[in-house]
Amino acid sequence: MNKPFLLLGCSLLIASLVRAGDLVVIMAPGSPPLSKDQVTNVYIGRRNDLKPLDLPASAAERDAFYKKAMALDAAQIKAVWARILFTGRGQPPRELPDEAAVKRAVAADPKAVGYIDKANVDSTVKVVLELN
Amino acid sequence: MQIDKRASFGVFVSISLGLCVAQAANADNGLNALSDMFSYNGFGTVGIARSDTDQAAWIQNIQTYGATNNNFDYRTDSRLAVQGTVTPTQWLSGTVQALTEERYGPAMSTQLEWAFVMVKPLPDLSVRAGRMELPTFLISDTRNVGYANLWLRAPDEVYGQPIFDVYTGAAATYQREVGPYSMSIDVLSGTSISDTALAPGVQRRIIGHKMLGYSATLDRNGITIRVSRVTTDRTHEEYGITYPELSWSFDSAGVTYDRHNLVLQGEFIERRTSNPAINVNGYYFLGGYHLGKWTPYTMYSVGETIGGADGTIPFASMHVVSVGVRFDAFKNVDFKAQIEHATAYQGGTPFENQTTGFNNHGNIASFVVDFVF
């Protein structure tokens, strides 16, 4: 195998390992832990006491989150929200541009829930669920 | 007011495209307090349907005109809705939705479908008042939103039975977690009016007084189970005559499963009235499998009058077998194609305006594009 292909292969492998990095669900420090079922209910509009936050549709973490937390792909989750939105029962999770923005919003609001890569967790937020 | 149907369709398509473009132009605007308070969204479908018979028109719900082998009928499935929501506080919101579609007249018409205010006095409780969708069966409230459903259209054998789509009144929803489950209890009360055509150009107004509805929904891990009951005192007006009220009830038990790559949905419904000749049972089974962006599916649906053991009540039924595929083409846009074989026994719909010699069978091919914005 020639070098460029080997390099490409290695980068793809590393990229896939990075993409498959552990995701965590975060809330403000002091929040109680959440179960997978509870996180699912928050993100599909079945629980209204917490405020879910999303990453942009283009973020790989977003697809990974819905896949790991509730076994739904992007089209399925969009269909779920179309049902809720067009019965006037709620609005989809607020979308923030990146993980840093999610962390800031979660740290500032005890009701906000977000998901980020485990490697980006710091003391401003608390991990309430690990998604492996 | 009747609008020329071609003009109406042109306006319909222009508004759809215009809103899509406007949405794309606004997509990168930052959030601010005002746009947080006001939001607009919409959904629509542009589609055609054609049957292989010219001896009967294939018609859905309360529509007057349907598909035959002489035309590609665009009115069966095409519709456009625009919805605006204002949320001044976390516990108060207002929603209006306008919907353009074919109803009982020859042209597509636009009406204010919903206009309601929602109050959330507690996190688990919401109360709505105004004009709202009537959630008679499992997906009654979202059956117009093509994008939200796997099938090309809701089976008329079940979803054509209630007649009433919207009501004016009040509804309360209590939703909370019970262990790993999410539970929702809904109650509603109100009045509903539905205009249909007795014959082309002759209006029949159906009125449901003292409408009451109850439903319970349980969800976990992509499985939803729902049971419901709607009752009403129904009367109708035609040729200036108001007929006596009869008690009607609609019961439903339905299940959906949407997880991993598998989609399953099934529902059984009963329509009961004080006139046994129009009591109906209906059911359907839907199965689909996600293969990347493609989801092939199949459905079997039945609607039939109960009939009488002694033969005094005429028996009528309709059976439909469908095979189709959904393709999630772009963000917020899907394409669907479906072929179905419909059989009507003893004059059961969906075949209307039958000519002598009609053999009670028809094959219908449909293609639609669904979008949300």
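Structure above, values below:
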| read-out | value |
| --- | --- |
| Virtual spin-label span in nm between A:Lys36 and A:Asp73, 7 Å along Cα→Cβ | 2.0 nm |
| Exposure proxy order (Cβ contacts within 10 Å, fewest to most) of B:Thr76, A:Thr87 | A:Thr87, B:Thr76 |
| Linear extension gain, B:Phe330 paired with B:Ser39, 0.36 nm per residue minus alpha-carbon span | 102.5 nm |
| Sites B:Asn353 and B:Asp52, calculated FRET efficiency, Cβ-Cβ separation with R0 22 Å, nearest 0.05 | 0.85 |
| Where only C-alpha atoms are counted, convex hull volume of the range A:3-130 per residue in Å³ | 111 Å³ |
| For B:179-189, mean number of other protein chain Cβ atoms within 10 Å | 2 |
| B:Leu138 long-range amide H proximity, modeled H, under 5 Å | none |
| Karplus-derived 3J(HN,Hα), 6.51/-1.76/1.60, for each residue of the range B:153-168, Hz, glycine and proline x | 8, 5, x, 5, 4, 10, 7, x, 6, x, 6, 8, 9, 10, 9, 10 |
| Partners for A:Lys51 among aspartates and glutamates (Cα-Cα distance below 12 Å; same-chain residues under 8 apart left out) | A:Glu95, A:Asp109 |
| Per DSSP, loop chymotrypsin sites (Phe, Trp or Tyr not before Pro) in the range B:234-286 with at most 14 further Cβ within 10 Å | B:Tyr239 |
| Reciprocal of mean inverse Cα separation for the range B:164-322 (Kirkwood radius, Å) | 18.3 Å |
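Computed from the coordinates by the stated procedures, all read-outs in this text should not be read as laboratory data. Given the structure is predicted, the values throughout are model-derived calculations rather than measurements. Cβ sites come from the backbone with ideal geometry, for glycine too, and all protein chains shown count toward neighbours.
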